[in-house]
DNA sequence: TCGCCACATAGACGCCTGTCAATGCCGGAG
DNA sequence: CTCCGGCATTGACAGGCGTCTATGTGGCGA
């Protein structure tokens, strides 16, 4: 299978990650895509969301379980969840009237690789 | 050897990190401090700066070596460097007329720990 | 079909932030 | 002391983003 590219981690259709910062020069284009991914995590509300989901049973939770602890409006929570899904950090699954959000472990692994020196 | 606190990583005087997101509930206060740290990395220009420093000899570089590759003004570069220093990701050292910036490896380790599940 | 419930989307507003030009500071050479 | 080069700081502007209220959508039960 040869030529195992170390670049993975796409945002939507975007190729983004994931070699450590020190291995190769970082061109502007890739830097901007990586920044978009990191911006998704670099928000207090979204960090709390990720923490809540990470600690929920089966590592998944619906919106109604998340609005309470955060003290924020339901639309606001939905907005942040959309950002995390677009970044590939959460996966959405519709089940009955509820929408469940689950952690995407691989994407966190990619972030770790990026930040390794 | 007893009581190894897993919380480290301060921004300036701030205690911030570093247990994985899934180990304990993340209160608003710590979430905001963690977000400030991540925001420092979540910018394309600063990612390029970190990459340039990481690949420089001895993992350190002065401002004059950084403005060229980025195509940005010197004040802008200085601004971003200050952000990274305040976040604890770079260390500044004055040597003659130049100011050298060096990676702080421990801080990157902390970020990795945070993003581990 | 009708109505309800959980959730998503749209629009608006204020704050934060990345960028620049202009200026100030500081250390070394003469 | 004076000048100059490297770097930091200030002030201003535009764009991005987090939050809200109001409204739309979609599935389930009666």
Pseudo-spin-label distance residue B:24 to residue B:86, built 7 Å along Cα→Cβ, given in nm, is 2.7
Residues residue A:93 and residue B:102, FRET efficiency given R0 of 41 Å [Cβ-Cβ distance, rounded to 0.05]: 0.35
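Partner chain Cβ atoms within 10 Å, averaged over the residues of A:104-117 - can you pull that number for me?
Taking all residues of A:104-117 together, the mean is 4.
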State, to one decimal in nm and shortest first, how far the label point of residue B:74 sits from each corresponding label point in the other identical copies (label point: 7 angstrom along Cα-to-Cβ). 5.7
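No lab work stands behind these numbers, since they all come straight from the coordinates. Fair warning: this is a prediction, and the values are worked out from it, not measured in the lab. Methodologically, a virtual Cβ is constructed for each residue, glycine included, from the backbone with ideal geometry; neighbour enumeration extends over all protein chains shown.
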